[in-house]
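To start, the structure under review is shown below, and the notes come after it.
Rule-based calculations on the coordinates, nothing more; no lab input. Note that this is a predicted model, so its numbers are computed, not measured. Note that we place each Cβ from the backbone using ideal geometry, even for glycine, and neighbour counts take in every protein chain shown.
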Amino acid sequence: MPTEAEHLALMHPFLRERATRALSIWRGSARPGEVVKVVESVRPLATQQAYFAAGKSKADGIVKLSLHQFAPALAFDVAVIVGGKYVASAAASEWQRWGAAVEIVGLEWGGRWRGLVDAPHAQIPLTDRVKLLQAAAGVAADGDWGPATTRAVGVAGWPAVTTELWSRLAATR
Ligand SMILES: [Zn+2]
């Protein structure tokens, strides 16, 4: 199991900075015995496929990608533990506090999703992902994917962004 520092190192700097702040906000109000742990960042294809098969993710890993498949990471997951036990209910106050911390720093929280509620999950919102690509590709980073972005990035919108394209552009930012 990678350490928290190792997971943070795998994150895109945009995510790393916000993840660090969210963790520190949550820990700042934690009572004794309440723990938050980073448990996943970048996820191998085989793991994504296993999660899909188990119904834990809607992304099959090939046709539909999880943001965990991108490197540097665009998403991370945590575990909230109270008194040594993983807190299973997303409605629990400890998870609600985590979601609030995630949203305060400007990330999207999976606990807010409809259908497959994913309280452990936090990710860079779409508008910010587009801005990061635009900045890396040298076009105005307004978060709107117009013709100039399509020309500069080489694909017509976020769903067409491959893990390879993201890695290449994110590495040059
Ligand atoms: Zn996740």
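Give the range 45-59 a look and list any residue that's assigned to a loop (DSSP other than H, G, I, E, B), surrounded by 14 or more Cβ atoms within 10 Å (Cβ to Cβ) and without any contact (Cβ under 8 Å) to a residue 12 or more places away in the chain, or say none. Steps first, please.
The first filter runs over the range 45-59 and keeps only residues assigned to a loop (DSSP other than H, G, I, E, B), leaving 54-59.
If we keep only those that are surrounded by 14 or more Cβ atoms within 10 Å (Cβ to Cβ) as well, we get 57, 59.
Once the filter is applied, which keeps residues that are assigned to a loop (DSSP other than H, G, I, E, B), surrounded by 14 or more Cβ atoms within 10 Å (Cβ to Cβ) and without any contact (Cβ under 8 Å) to a residue 12 or more places away in the chain, the range 45-59 yields only 59.
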Residues located in the range 71-90, provided they are touching a residue at least 60 places away in the same chain (Cβ under 8 Å) and away from the ligand (no atom under 13 Å from the Cβ): 71, 72
Residue 155 vs. criteria farther than 27 Å from residue 45 by Cβ and either surrounded by 12 or more Cβ atoms within 10 Å (Cβ to Cβ) or touching a His at 6+ places or on another chain (Cβ under 8 Å) (or both): no
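Could you please find all residues in the range 66-106 being acidic (Asp, Glu) and in contact with a Phe, Trp or Tyr (Cβ under 7 Å, 6 or more places away or on another chain)?
At the first step, the residues of the range 66-106 found to be acidic (Asp, Glu) are 77, 94, 103.
Hit for the range 66-106 is 103, nothing else.
Checking the structure you have, find out if any residue of the range 62-83 is among the aromatic types (Phe, Trp, Tyr) and either crowded, with 19+ Cβ neighbours inside 10 Å or touching a Lys or Arg at 6+ places or on another chain (Cβ under 7 Å) (or both).
If we filter the range 62-83 for residues that are among the aromatic types (Phe, Trp, Tyr), which is where we start, we get 70, 76.
Among the residues that remain, those that are also either crowded, with 19+ Cβ neighbours inside 10 Å or touching a Lys or Arg at 6+ places or on another chain (Cβ under 7 Å) (or both) are: 70, 76.
Checking the range 62-83: at least one residue is among the aromatic types (Phe, Trp, Tyr) and either crowded, with 19+ Cβ neighbours inside 10 Å or touching a Lys or Arg at 6+ places or on another chain (Cβ under 7 Å) (or both).
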